[in-house]
Ligand SMILES: Nc1ncnc2c1ncn2[C@@H]1O[C@H](COP(=O)(O)OP(=O)(O)OP(=O)(O)O)[C@@H](O)[C@H]1O
Ligand SMILES: [Mg+2]
């Protein structure tokens, strides 16, 4: 995926798009904290899932894009699910047949709980990241007082992530174009050589970026960032989202 | 006549022992436009980097009257804007605007002052409308122009350009040459593009193996078959 | 294996944040010892590299494929403290932009993938003490293997403490599978170090690059 594809829906004219990233980030964190602090799944989880979906709809971003990004949690959940048959049943537990296995009812409930929490949180992260250009996220972090060195590193990581992935993809293509079909140890050694080569290029790039920065007067200090005040619309969004998130949480008590 | 850049006995050895520059002497007058010719590995890029003290060197360099050393290099880097060959090295910020604002901000300018300069530089390269984009989203030709804008915003008195037309299609190349022709600054341009040298630079300096092999009128140098043969440029 | 939000109980998530935070504060103070902070661009591109390197996968056996994790390699070439910062950035970026790994699990993921490399680094340093090429490559391989297996064990323990998986099954399974994945990682890391060593000997473990800076 290219950066263009990745940030395709990040800029838009919708109200949600125009909300300050500081506000979106705050709402996101509040959302995640509230969802993860729930005990048990159920209808509250469905209500929480509705919030990012609502935002996606309001921003007129294709739902598919958000859901696809949120699915990143599935492999981990599937891995954890593999252990379901091995959970010893608790006292008075119901045993539930699941394919060739019987699994502990309590274990299954716990698994459903954590997996749905993971999905709902990932949905919200995906909504945030699909609808916010990363440059705005960086500004927000800077204004929240994140260490300048950390923000600079984060910004460079994101900037070159896509460039280096393209470089890696070109190397892989060049390897496979030569009819490569290695296995086992030999394959791992070839892969290692490619990783090393990619690192050398990365390192050279790092040196040249450093020179390009130094040539323009970079001394290690972060450049200043004018602070922009929040608009009325930002406050409205913050209040509404926080109220919605809190209400669901209170109703679940 | 005032010298923009004067180098005497300039040598540069890379840590692996490669002697990339070997006693280079040259002077460039203020307002002059000089092409730096030479085969791959001749030392062009290295020379540009040493002129603003980005590589350790031996010998003497004077930039707008000030001898180049640790204490003066900040000033030298302000006076000589360096544009790298690969624009991906130069455009490292989240947005094009931030990239162009990087230099002015490092100079400690007010944000309002920075904004004026950024707008002027981006308009000069016709990329003002793309200011919110990430460099990754630009075409290669746009990236090359954007890289130029990142030093135009610093109001440098001299520009050192490393292969400004390499990798450009014919039209983007013509646009770049026209853009450079309109700049008032002293120019030193490392290039393999003879047409660019002929169009922009009355004078050329040819490097070979880290030494100055020829220094004179561009027209004479690029029509000297024997010389080009020796330089590996024929 | 990035732990998502929701899988960890509050005490586990908070405890992991405390440990990673402490390690981060320590690394931030020590980073200047072997890294010139004006070299910050190198950290950023190395973080991007760790992402990109994950694309380079290779078939292990029976249709499965392994891929480079990169954390151990980053520690070997940059030194442990800068590499820790790189991993923090990688994980933050993945959690915030790719929904890969949870925001509340950031502490735990950093513990598994960053702190582990930091803690095991002295072992690597001791093993490569003979300063021969062979010792360096062997130490790199063992270090990479250990970090992968230790990360898997920690992950299993964290999930167990959170009441999601039974330890009796998860620990051997996770450790066992990652012992195999780790072998691939070990070969990859050693081969990558070997290539880097051949091309730019100065890069490996003299953490600062060779030519001078501003
Ligand atoms: N980082 C480096 N480490 C070691 N040697 C280097 C390094 N960079 C360049 N060199 C060597 O220095 C010499 C001069 O290189 P330089 O990049 O200045 O050439 P150039 O004239 O710009 O060539 P090109 O037309 O290919 O850009 C070459 O022999 C090159 O191999
Ligand atoms: Mg060059």
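Derivation of every value follows stated rules applied to the coordinates shown; laboratory data play no part. Note that the coordinates shown come from a computational prediction; the quantities given were computed from them, not determined experimentally. Cβ placement follows ideal geometry from the backbone for every residue including glycine, while neighbour counts extend to all protein chains displayed.
Using a Gaussian network model of chain B whose springs link C-alpha atoms within less than 10 Å, name the residue from B:186, B:165, B:116 with the highest mean-square fluctuation.
Among B:186, B:165, B:116, the largest mean-square fluctuation in the Gaussian network model of chain B belongs to B:116.
Kindly state, to the nearest 0.05, the FRET efficiency for residue A:78 paired with residue A:109, given R0 = 22 Å and r defined as their beta-carbon distance.
0.80
Round to the nearest 10 and give me the degree value, 0 to 90, for the angle of helix B:96-106's Cα axis relative to the longest principal axis of chain B.
Approximately 70 degrees, to the nearest ten.
How many nm is it between the label spots at residue A:204 and residue B:40, if each spot is 7 Å from the Cα in line with the beta carbon?
Label at residue A:204, label at residue B:40, 1.1 nm between them.
Using helices alone, what [θ] at 222 nm do you get for chain A, with -39,500 (n - 2.57) per DSSP H run of 4 or more residues, divided over all residues and rounded to the nearest 500?
After summing the helix terms and dividing by the residues of chain A, the value is -23000 deg cm²/dmol.
Could you work out how far helix B:111-124 tilts from the main Cα principal axis of chain B, as a 0 to 90 degree angle to the nearest 10?
That works out to roughly 60 degrees.
From largest to smallest, what semi-axes in whole angstrom does region C:109-214 give when each is the square root of 5 times an eigenvalue of its alpha carbon gyration tensor?
Semi-axis lengths for region C:109-214 are 32, 15, 11 Å.
Enter the per residue convex hull volume of region B:167-234, computed from alpha-carbon coordinates, in Å³ rounded to the nearest integer.
Roughly 99 Å³ of hull volume per residue.
Only Cα pairs under 8 Å and at least 6 apart count here; give the relative contact order of region C:10-201 as a rounded whole percent.
23 percent
What are the semi-axes of the equivalent ellipsoid for region C:1-54, taken as the square roots of 5 times the Cα gyration tensor eigenvalues, largest first, in whole Å?
Semi-axes (√(5λ), whole Å): 27, 19, 6.
For chain B, give me the percentage of DSSP beta bridges that are antiparallel, rounded to the nearest 5 percent.
55 percent
What span do the alpha-carbon atoms of the protein assembly as shown cover on each of the three principal axes, reported in whole Å from largest to smallest?
97, 64, 46
What per residue convex hull volume, in Å³, comes out for region A:148-215 when only alpha-carbon positions are used?
Taking the convex hull of the Cα positions in region A:148-215, it is 94 Å³ per residue.
Inside 10 Å of the C-beta atoms of C:191-199, what's the mean count of C-beta atoms belonging to other chains?
Neighbouring Cβ atoms belonging to other protein chains average 6 per residue here.
Of all beta bridges DSSP finds with both residues in the protein assembly as shown, what is the antiparallel percent, to the nearest 5?
The antiparallel fraction comes to roughly 60 percent.
Let me have the 222 nm mean residue ellipticity of chain B computed from DSSP H runs of 4+ only, each contributing -39500 (n - 2.57), with the sum over all residues rounded to the nearest 500.
-10500 deg cm²/dmol
With everything on Cα atoms, drop me the angle between helix C:167-199 and the longest principal axis of chain C, reported from 0 to 90° to the nearest 10.
Its long axis makes an angle of about 10 degrees.
What is the mean number of Cβ atoms from other protein chains located within 10 Å of the Cβ atom of each residue in peptide A:120-127, rounded to a whole number?
5
Just counting partner chain Cβ atoms within 10 Å, what average do the residues of peptide C:76-84 show around their Cβ?
1
Would you mind checking the radius of gyration and Dmax of chain A based on alpha-carbon positions, in Å?
23.0, 71
Mean separation of Cα pairs under 8 Å and 6+ residues apart, divided by the residue count of chain B: what relative contact order is that in percent?
Normalised by residue count, the contact order of chain B is 26 percent.
I need A:139, A:234 ordered by Cβ neighbour count within 10 Å, fewest first.
The fewest-first ordering by Cβ neighbours comes to A:234, A:139.
Let's test this: bin the Cα-Cα distances of region C:10-201 at 10 Å from zero up to the farthest pair and state each bin's percent.
Over region C:10-201, the share of Cα pairs per 10 Å bin runs 9, 35, 39, 15, 2 percent.
Once you have the Cα-Cα distance between residue B:178 and residue B:14, take 0.36 nm times their residue separation minus that, and quote the gain in nm to one decimal.
55.5 nm
Could you line up B:212, C:86, C:119, B:34 from fewest to most neighbouring Cβ atoms inside 10 Å?
Ascending Cβ contact count within 10 Å gives the list C:119, B:212, B:34, C:86.
For region A:1-121, compute the orientation-averaged projected area of the C-alpha convex hull (one quarter of its surface), in nm².
9.5 nm²
How big is the C-alpha Rg of region A:96-166 next to the rule-of-thumb value 2.2 N^0.38 Å, as a ratio?
1.78
With an 8 Å Cα cut-off and a minimum separation of 6 or more residues, compute the relative contact order for region B:80-208 in percent.
Normalised by residue count, the contact order of region B:80-208 is 31 percent.
For residue A:174 and residue A:68, what does the FRET efficiency come to when R0 = 35 Å and r is the distance between their Cβ atoms, rounded to the nearest 0.05?
For residue A:174 and residue A:68, the calculated efficiency is 0.75.
Starting from the 7 Å offset along Cα-to-Cβ, what nm value, one decimal, do you get for the label separation of residue B:140 and residue A:102?
The modelled label-to-label distance comes out at 6.7 nm.
Give the Cα extents of chain B along the principal axes, in whole Å, largest first.
Largest first, chain B extends 50, 42, 39 Å along its Cα principal axes.
Rg and Dmax in Å for region B:52-173, alpha carbons only: what are they?
Taking only Cα atoms of region B:52-173, I get Rg and Dmax of 14.9, 44 Å.
Report the paramagnetic label zone for residue A:26: residues of region A:106-150 whose backbone N is under 17 Å from a point 7 Å from Cα along the Cα-to-Cβ axis.
Within reach of a label on residue A:26, which here means backbone N under 17 Å from a point 7 Å along Cα→Cβ, region A:106-150 contributes A:137-146.
For the pair residue C:133 and residue C:54, what calculated FRET efficiency results from E = 1/(1 + (r/R0)^6), where r is the Cβ-Cβ distance and R0 = 30 Å, to the nearest 0.05?
Calculated transfer efficiency: 0.65.
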